[in-house]
1. Condition first: over 22 Å from the mean Cα position of the chain (by Cα), of a type in the set (A, V, I, L, M, F, W, C) and in a helix (DSSP H, G or I). Now tell me which residues in segment 262-306 satisfy that.
2. How do the pairs read when you match residues in segment 186-209 that are closer than 13 Å to ILE310 by Cα with residues anywhere that are aromatic (Phe, Trp, Tyr), using Cβ under 7 Å and keeping only pairs 6 or more apart or on different chains?
3. Take PRO306 and tell me if it is of a type outside the set (Ser, Thr, Tyr) and within 30 Å of PHE179 (Cα to Cα).
4. From GLY209, GLY121, GLY125, grab the single residue that is within 24 Å of the chain's Cα centre (by Cα), surrounded by 15 or more Cβ atoms within 10 Å (Cβ to Cβ) and of a type outside the set (Asp, Glu).
5. For segment 432-490, how many residues meet the condition of being surrounded by fewer than 21 Cβ atoms within 10 Å (Cβ to Cβ), charged (D, E, K, R) and part of a helix (DSSP H, G or I)?
6. Give the residues of segment 212-242 that are within 18 Å of ASN451 (Cα to Cα), more than 21 Å from the chain's Cα centre (by Cα) and of a type in the set (Asp, Glu), sorted by residue number.
7. How about segment 259-286: which of its residues are surrounded by 13 or more Cβ atoms within 10 Å (Cβ to Cβ) and not hydrophobic (A, V, I, L, M, F, W, C)?
8. Tell me whether segment 359-379 contains one or more residues that are part of a loop (DSSP other than H, G, I, E, B), charged (D, E, K, R) and under 24 Å from the mean Cα position of the chain (by Cα).
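The values are calculated or read from the model by the stated rules, or taken from the named source; none is laboratory data. Just so it is clear, the structure is predicted and the values come from calculations on it, not from any experiment. Every residue, glycine among them, receives a Cβ derived from its backbone with ideal geometry; neighbour counts consider all protein chains shown.
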Amino acid sequence: MDHILYWNNVALEANRRDFSNVPGTDNPNPKPEQGGPTLSSRALAIVHLAMYDAHAGVISNPATLPRYLASPSAPVGGASAAASVAAAAHACLSALYPRQKHHFDAAHQAAGLSGAGLAEGHGFGLAVATAILADRAKDPGAGDDGYAASMHPGGHRPDPANPKQGFHAPFYGARSKGFAITKRHELDKPPALGSGEYNKALKQVRGKGIAPEWIGTLPDHLEKRTPEETLIGLYWAYDGPREIGTPPRFFNQIIRKLVTTAINPATGMINTVDDNARLFAFVNVTMGDAGILAWDQKYIHDFWRPVLGIREHSASMGPAAPTPSHAIGDDCDPCWLPLGAPASNSNDRNFTPPFPAYPSGHATFGAAALHVTRLFYGIAHNNRATDKLFKRSLVSDELNGITHDNAGNVRSRHARHFPGGLWQMIVENGFSRVFLGVHWSFDAFALDNANKPDLTRNIGGVPLGLAIAEDIFAAGGGKAPAKSCVEPRP
């Protein structure tokens, strides 16, 4: 059994359960212990770094498996790598998700550990977990810490359909140190309010992202969302609903599927356990840093969501309206609502996420995780073309024939095919948020005159995620993530 894939699956189940009603708790609706995309990506990065170091320390071949942390010292010969990874993963998961410890105990017992070196491996894995957890002990939480919204036009404020939602992680990005980045990657500003590029994006999301009950109010000149675009929006969602969890879980699910068929160009074979230890460390560390840098940029640029931009696209609208008037422009709709991030498996209403729009976290996570995987499988640095890496269909938990919407309707099962490989996924995931009406297109990438991604410009989450992936992969020499020296902002 591949012990990396085994404990990766346990970690993904922990993410899913964290956003569900966890059995055995007094509170029937407990808040997640690692809530939101920030803390869930941090948790998966910590667990997979511990798994990697636990495995690499036992294998003790720094030329191919360099350690992330130098301590603890490698165990004496004969230690079990499987036992080491099991102890490291179990300890980190139990520290991060204490409500689920009984689940991790059961997983540890079911891991099938046997043979020599169990005690030595177990002791080393515990020491690795202690070191990794200590290294991240001063990371900030995702609370708002008294954050208040600015009232200026274009600034992020809570969803008017969910006015008590608050603010997720306004200081997380600035106060976090890096996992493996070598610098804080910055983005250019989004298009200015009233510019041609901004107005084009506003018209696009107003038509493509509108709630179904309001679609009859759209002017005829606006292009409406197609059934396939609705499907794409739902397919990539993973906005923390019950039984599904957050985007980092879905991107791990994709890589799990890929490693069963993709050929490692360095060996000409399917991944070994060593390969998977390296790959899943890269994938989850890039998403850990994507969570840090995307949220850093979000609160630097502080850009409003479409639900506010469309409703207040007039000088007379909004709390700081400078121009009292009885008239509004043709592109302003004061009653507009989005399809919204789907509140799957619940009776809650769909929503706009509680943090600024620019850049898209989904787009950043997807580009970081999937592009570092492309690099791992030999795609060249700076390659921005389709690939043939993903050869199987993929079912999203949002469209698995079991998940239901917030009206109780079970969504049909959809097996999606990606002939353009991981690159197609990066682009489609970026566009998906426009189809839900929760993001502008430039939150993912600038568009050219044909409405195709223009990645020559440093705008949006996809360029940010690509930069993170290429930085981390190069800094680790293509072998494994190297420890970052990037500190929190002063």
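1. Once the filter is applied, which keeps residues that are over 22 Å from the mean Cα position of the chain (by Cα), of a type in the set (A, V, I, L, M, F, W, C) and in a helix (DSSP H, G or I), segment 262-306 yields only VAL273.
2. ALA201/TRP440; ALA201/PHE442; VAL205/TRP440; ARG206/TRP336; LYS208/PHE435; GLY209/PHE435
3. No, not satisfied.
4. Every option except GLY209 fails the conditions.
5. Within segment 432-490, residues that are surrounded by fewer than 21 Cβ atoms within 10 Å (Cβ to Cβ), charged (D, E, K, R) and part of a helix (DSSP H, G or I) number 1.
6. Residues satisfying the conditions are GLU223, GLU228.
7. ASN264, ASN271, THR272, ASP274, ASP275, ASN276, ARG278, ASN284, THR286
8. Within segment 359-379, none of the residues are part of a loop (DSSP other than H, G, I, E, B), charged (D, E, K, R) and under 24 Å from the mean Cα position of the chain (by Cα).
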